[in-house]
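Written out below as structure tokens is the structure these notes cover.
The values are calculated or read from the model by the stated rules, or taken from the named source; none is laboratory data. Model, not experiment: these values are computed from the prediction. Cβ: placed from backbone, ideal geometry, glycine included. Neighbour counts: every protein chain shown.
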Amino acid sequence: MLRLERIGKIYPTGEVLRDVTWEVKAGDRIGLVGVNGAGKSTQMRIIAGLEEPSSGQVVKQGAPRIVYLQQEFDVDPRRTVRQELFQAFGEAAEVLNRQSEVEEAMGGEAAAADPELLNRLIEELGNLQSRFEALHGYELDARIDKLLPTIGFTPEGAELRVGDYSGGWQMRIALGKILLQEPDLLLLDEPTNHLDVETIQWLEDYLIGQTVPLVVISHDRAFLDRVCNQIVETERGVSRSYLGNYSQHLEQKALEREAGQAAFERQQKELASQQAYIDRFRASATRSTQAKSREKLLDKVERIEAPMEGVSGPRFQFPPAPRSGRQVAMIDNLTHSYGERILFLGASLEVERGDRIAFVGPNGAGKSTLLRLVMGLEQPEEGHAGLGEHHVVAGYFEQNQAEALDLSRRVVDTLFEAVPDWTQTQVRSLLGNFGFSNDTVFKEVGQLSGGEKARLALALMLLTPCNLLVLDEPTNHLDIPAKQMLEDALMAYDGAALLVSHDRYFISRVANRIVELRDGELVLYRGDYAYFQEKKREEAGEAETRREEQRRLDKREANRTKQQQRKSARRGASEPEGASEGETPQESPSTRRSRGKVA
């Protein structure tokens, strides 16, 4: 369907891609991976035709319809869901939008006061309706009706405004617009950003079930494992393709590196042996000819390059955690609301030293609010939420933490202020782990993007000694190596941690307790994420068993009711007309005579 051949891309700031070659075939679900700045989005934009490569070419079979869902969903919160989905139809949508404007103008004061204007509007409306019919516009609504249940909407829900829905549901609308365009190739850039786990799982199931070839950029390793059947990794401008999902690609990569290292070492040993022979006999009267011959052969040998090392950089360790009391945080009989919505109703939880608790639940359940209550940044309506009383020192990272940075200070100086005894090499190594390299470390903070500011704020917070880490979505804006670095550091951390994250892989590695926010309560699962998932499956199975039993009882009761109704109907049919309840029907003379004969 499509092939990238020897793609290179150079910007004024430097080379991003040097040798990128891979292809998309029918049935492919390809994950593009690599560190931030590796050129993943650049490749996507080149495929979509939004940028031209500096070298190489994109070869396409025919004229495939390529549709690109970027990180920011292109939806208008003022439109209804149906109106927004209709925007996928291009000219038909433009005609319909103009038709609405004309109809509104026809009912306005200007048209009422100006007959000529009204006539022009009527004429334009007629032309628009004719054009809409020519574009088969009325058939397009039927396509939307068919799509709605696929993306989780009811016909009634489609009449609500886009702005009435959460970001996860708006993502479904944006995806629906793409699907209505009937693409031959689907490009998705970080589609799981800001989605809760339930919506991510819905998206995974949907993408696995559909048949359109897919290329996706994601740092969500669990998503890449479930969805992708091929991984393309870009390192230092060079791409490499691996069959299988993300975890399988890691296994293949490790085997390749091991085999490559062995081949490199064997060749180096052989080259050294040949060079030693040449050096020894170059001046020999009897063997100099043979030595020169070997030297010529040695010059022609194609050298095996040493395997490329990873680019994850040095590891990070938290400062030693000061000793605290056993109880580091306490939530007791907490009741709290957000507007009209009750978030917590008598919720309780005790956090002890060594706990690494991940809070899970849908967007809007109150996870971030709970962290703010524990930190004392919000006051509960009833009950208590706060830190422990004995030597608890908390480090807090929230999603808007970057707003507190000094915008006039350089990146490197911002970190030096927190660790004045570090060398510049140490500071720059840590900054490199968080995606800052080369001249970026000397930029003023105010020149950074939102994601870069968030990474800097996280790095700064993690350098402060504390015995309780309170982290709200710490992996947002981190690439996979940076996530792995943070995971390793948290697993070695000897303090406690309270975590909110939608990254299931991150939670699986780090958390040793899971707390689900459910119906105003905090439900504690005393195990890791795998234990939590197992218990949830058990609960779902038990709930299904109860539902099945209830369905069986309901069916039995319905059958009993039907039987009683049939019996009543038969009794009613056997009674002569006019007989009332409780009366014995009068026998006819002929009946009496027949009874007498039998007797």
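Scan region 376-401 for residues that are in a strand (DSSP E or B) and closer than 24 Å to Asp196 by Cα and jot them down. Outline the logic, then answer.
Residues of region 376-401 in a strand (DSSP E or B): 382-387, 394-397.
Those that are in a strand (DSSP E or B) and closer than 24 Å to Asp196 by Cα: Tyr396, Phe397.
In this structure, does Leu125 turn out to be free of Cβ contacts under 8 Å to residues at least 60 places away in the same chain and more than 30 Å from Glu182 (Cβ to Cβ)? First the steps, then the outcome.
On the way: free of Cβ contacts under 8 Å to residues at least 60 places away in the same chain: yes; more than 30 Å from Glu182 (Cβ to Cβ): no.
In short, no.
Looking at (1) touching a strand residue (DSSP E or B) at 6+ places or on another chain (Cβ under 7 Å); (2) within 30 Å of Met330 (Cα to Cα); (3) at pLDDT 90 or above, which one does Thr464 not meet, given that it meets all the others?
Exception for Thr464: condition (3).
So which residues in region 401-410 are exposed (fewer than 14 other Cβ atoms within 10 Å of the Cβ) and closer than 27 Å to Pro322 by Cα?
Ala404
Quick check on region 220-279: of everything there that is among the small types (Gly, Ala, Ser) and touching a residue at least 12 places away in the same chain (Cβ under 8 Å), which residue is nearest to Leu207 (Cα to Cα)?
Ala222
Inspect all residues belonging to region 321-341 and state whether any of them is free of Cβ contacts under 8 Å to residues at least 40 places away in the same chain, surrounded by fewer than 16 Cβ atoms within 10 Å (Cβ to Cβ), not acidic (Asp, Glu) and not in a loop (DSSP other than H, G, I, E, B).
yes
Do we have any residue at all in region 38-51 that's surrounded by fewer than 16 Cβ atoms within 10 Å (Cβ to Cβ) and modelled with pLDDT under 90?
Checking region 38-51: not a single residue is surrounded by fewer than 16 Cβ atoms within 10 Å (Cβ to Cβ) and modelled with pLDDT under 90.
Just the residues that are under 18 Å from Tyr68 (Cβ atoms) and in a strand (DSSP E or B), please, taken from region 158-195.
Taking region 158-195 and keeping what is under 18 Å from Tyr68 (Cβ atoms), we get 170-193.
Matches in region 158-195: Leu185, Leu186, Leu187, Leu188, Asp189.
Evaluate the following for Glu265: is it under 18 Å from Gln43 (Cα atoms) and among the acidic types (Asp, Glu)?
So Glu265 fails the test.
Here are some residues: Pro474, Pro465. Which one is surrounded by 24 or more Cβ atoms within 10 Å (Cβ to Cβ), of a type outside the set (Gly, Ala, Ser) and more than 18 Å from Asp225 (Cα to Cα)?
Only one candidate passes the filter, namely Pro474.
Quick grid of which residues meet (1) under 15 Å from Arg79 (Cα atoms); (2) surrounded by 13 or more Cβ atoms within 10 Å (Cβ to Cβ); (3) basic (Lys, Arg):
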position	(1), (2), (3)
Pro115	no, no, no
Arg131	no, yes, yes
Lys146	no, no, yes
Glu156	yes, no, no
Arg161	yes, yes, yes
Asp164	yes, no, no
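Might you check whether a residue that is within 27 Å of Tyr246 (Cα to Cα) and among the polar types (S, T, N, Q) occurs anywhere in region 451-472?
Scanning region 451-472, I find no residue that is within 27 Å of Tyr246 (Cα to Cα) and among the polar types (S, T, N, Q), so the answer is no.
Looking at this structure, is Ser437 of a type in the set (S, T, N, Q), more than 30 Å from Gly325 (Cβ to Cβ) and modelled with pLDDT of 90 or more?
no
How many residues does region 93-116 contain that are free of Cβ contacts under 8 Å to residues at least 12 places away in the same chain, assigned to a helix (DSSP H, G or I) and more than 40 Å from the chain's Cα centre (by Cα)?
Residues of region 93-116 that are free of Cβ contacts under 8 Å to residues at least 12 places away in the same chain, as a first pass: 93-94, 97, 100-101, 104, 107-116.
Going one step further and asking which of them are assigned to a helix (DSSP H, G or I), we end up with 93-94, 97, 100-101, 104, 109-113, 115-116.
Within this subset, residues satisfying the condition of being more than 40 Å from the chain's Cα centre (by Cα) are 104, 109-113, 115-116.
So the answer is 8.
Restricting attention to region 410-435, which residues are part of a loop (DSSP other than H, G, I, E, B) and β-branched (Val, Ile, Thr)?
Val419, Thr423
Looking only at region 243-299, which residues are among the aliphatic types (A, V, I, L, M), more than 45 Å from the chain's Cα centre (by Cα) and assigned to a helix (DSSP H, G or I)?
Residues satisfying the conditions are Leu271, Ala272, Ala276, Ile278, Ala291, Leu297, Leu298.
Which condition breaks for Asp145 when tested against (1) touching a strand residue (DSSP E or B) at 6+ places or on another chain (Cβ under 9 Å); (2) modelled with pLDDT of 90 or more; (3) farther than 30 Å from Phe506 by Cα; (4) not basic (Lys, Arg)?
(1)
Being of a type outside the set (Lys, Arg) and not in a loop (DSSP other than H, G, I, E, B): is that true of Glu72 here?
no
If you take the residues of region 354-375 that are outside any loop (DSSP other than H, G, I, E, B) and touching a helix residue (DSSP H, G or I) at 6+ places or on another chain (Cβ under 7 Å), which of them is farthest from Val393 (Cα to Cα)?
The residue in question is Val360.
Among the numbered conditions (1) of a type outside the set (Val, Ile, Thr); (2) assigned to a loop (DSSP other than H, G, I, E, B); (3) surrounded by 15 or more Cβ atoms within 10 Å (Cβ to Cβ), tell me where Gly31 comes up short.
Unmet for Gly31, out of (1) of a type outside the set (Val, Ile, Thr); (2) assigned to a loop (DSSP other than H, G, I, E, B); (3) surrounded by 15 or more Cβ atoms within 10 Å (Cβ to Cβ): (2).
What single numbered condition from (1) surrounded by 14 or more Cβ atoms within 10 Å (Cβ to Cβ); (2) within 36 Å of the chain's Cα centre (by Cα); (3) among the acidic types (Asp, Glu) fails to hold for Glu124?
Among (1) surrounded by 14 or more Cβ atoms within 10 Å (Cβ to Cβ); (2) within 36 Å of the chain's Cα centre (by Cα); (3) among the acidic types (Asp, Glu), the lone unmet condition for Glu124 is (2).
If you go through region 447-463 one residue at a time, do you hit one that is outside any helix (DSSP H, G or I), touching a residue at least 12 places away in the same chain (Cβ under 8 Å) and hydroxyl-bearing (Ser, Thr, Tyr)? Before you say what the answer is, go through the steps one by one.
To start, the set of residues in region 447-463 that are outside any helix (DSSP H, G or I) comprises 448-449, 463.
Filter once more, so that each one left must be touching a residue at least 12 places away in the same chain (Cβ under 8 Å): 448, 463.
The next check asks that each one be hydroxyl-bearing (Ser, Thr, Tyr); those that pass are none.
No, there is no match, as no residue in region 447-463 is outside any helix (DSSP H, G or I), touching a residue at least 12 places away in the same chain (Cβ under 8 Å) and hydroxyl-bearing (Ser, Thr, Tyr).
Scan region 342-353 for residues that are of a type in the set (D, E, K, R) and assigned to a strand (DSSP E or B) and jot them down.
Correct list: Glu350, Glu352.
Taking the criterion of being assigned to a helix (DSSP H, G or I) and modelled with pLDDT of 90 or more, would at least one residue in region 227-242 satisfy it?
Scanning region 227-242 turns up at least one residue that is assigned to a helix (DSSP H, G or I) and modelled with pLDDT of 90 or more.
For every residue, the table says whether it meets (1) out of contact with any strand residue (DSSP E or B) (no Cβ under 6 Å at 6 or more places or on another chain); (2) surrounded by 15 or more Cβ atoms within 10 Å (Cβ to Cβ).
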site	(1), (2)
Val392	no, yes
Tyr396	no, yes
Gln399	no, yes
Val412	yes, yes
Gln424	yes, no
Gly432	yes, yes
Val441	yes, yes
Val445	yes, yes
